[in-house]
1. Here are 88, 98, 134: which of them is on the phi > 0 side of the Ramachandran plot and of a type outside the set (D, E, K, R)?
2. Here is a list: 257, 211. Which entry is closer than 30 Å to residue 96 by Cβ and surrounded by 13 or more Cβ atoms within 10 Å (Cβ to Cβ)?
3. Would you mention how many residues in region 152-162 are of a type in the set (Gly, Ala, Ser) and either in contact with a Ser or Thr (Cβ under 7 Å, 6 or more places away or on another chain) or at pLDDT below 95 (or both)?
4. Only one of (1) polar (S, T, N, Q); (2) touching a Gly at 6+ places or on another chain (Cβ under 8 Å); (3) modelled with pLDDT under 95; (4) within 20 Å of residue 142 (Cα to Cα) is not met by residue 100, so which one is it?
5. When only residues in region 14-50 that are crowded, with 20+ Cβ neighbours inside 10 Å and among the aromatic types (Phe, Trp, Tyr) count, which is farthest from residue 117 (Cα to Cα)?
6. Could you please let me know if residue 11 is touching a residue at least 40 places away in the same chain (Cβ under 8 Å), more than 17 Å from residue 146 (Cα to Cα) and crowded, with 16+ Cβ neighbours inside 10 Å?
7. Which numbered condition in (1) part of a loop (DSSP other than H, G, I, E, B); (2) of a type in the set (Ser, Thr, Tyr); (3) buried (at least 18 other Cβ atoms within 10 Å of the Cβ) is the only one that residue 58 fails?
8. Which residue pairs have Cβ atoms closer than 7 Å, lie 6 or more positions apart in sequence or on different chains, and pair a first residue in region 156-185 that is more than 22 Å from residue 104 (Cβ to Cβ) with a second residue that is surrounded by fewer than 20 Cβ atoms within 10 Å (Cβ to Cβ) and basic (Lys, Arg)?
Amino acid sequence: MKDSRIAKDGLVLLGCGKMGSAMLAGWLARGLPAQSVWVIDPYPSDWLRAQGVHINTSLPTAPAIVLVAVKPQMMADALPTLQAMGNGSTLFVSVAAGTTIATFEEILGGQTPVVRAMPNTPAAIGQGITAIVGNGQVGDMELNEAEALLRAVGDVVRLDSEAQIDAVTGVSGSGPAYVFHMIETMAAAGEAQGLDARLSMQLAKTTVAGAGALAMAADEDPAQLRVNVTSPNGTTQAALEVLMNERDGFPALLKRAVAAAADRSRELARD
């Protein structure tokens, strides 16, 4: 990244909370010069102050990229401060949930290149996945730049349309919370069977982490991996008969959960 257009023309990070900090750490680790980064944040952390980036100072007039990482409720106040950068060569990349591309175009101008992105919280340890989609002003070069930035915190996938963002939110954006709750409930179920609480939690965490790693590394798909560990009339089959019940098992439950998250994402975009 040290020889990129971003390094030459600069990058503005609007908001540097957990997600912004994770991305900034990834960029700096990949060679982006600290002096090429301007951060706007009302409460800069001690970690941020130690990175050597520009903090709350005058911004370049036409940076290569502005990455918007403020909370959605702060968008109405924060985004208009960058209007002068709209309708130009500056690419705006937003990781703010619920803020549509149309909102950016309305505030910044219809000729502004905008990429909307939906990351998830494992980005904090470089294990996230982010879905991106651009407006009509975004070409291959801009998508490649956005993807390069977001790969600093994990995998990146490209969507065909912005309408898919809501489904992505339901699966991967909110998905880590589903897994965390699964760990909670697995540990509680182990306690109910007589295990010590700490031991049961360790078993649940490590089992979920290991299964996820195996699913990523294996050539087989998850359905086949499930079959591989399910002996006929064995313990796993007994459990799966409960979990795979079409009426009240995982299939019905997760379908409703993902739909609820996607519906709420659509509502937030309309508010």
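The values are calculated or read from the model by the stated rules, or taken from the named source; none is laboratory data. Computed from a predicted structure; not experimentally measured. In this analysis, Cβ positions are derived from the backbone assuming ideal geometry, glycine residues included, and neighbour counts consider all displayed protein chains.
1. Of the residues listed, the single one that is on the phi > 0 side of the Ramachandran plot and of a type outside the set (D, E, K, R) is 98.
2. Every option except 257 fails the conditions.
3. Number of matching residues: 2.
4. Among (1) polar (S, T, N, Q); (2) touching a Gly at 6+ places or on another chain (Cβ under 8 Å); (3) modelled with pLDDT under 95; (4) within 20 Å of residue 142 (Cα to Cα), residue 100 violates only (2).
5. Taking the candidates together, the pick is 38.
6. So residue 11 fails the test.
7. (3)
8. Matching pairs, first to second residue: 183/205.
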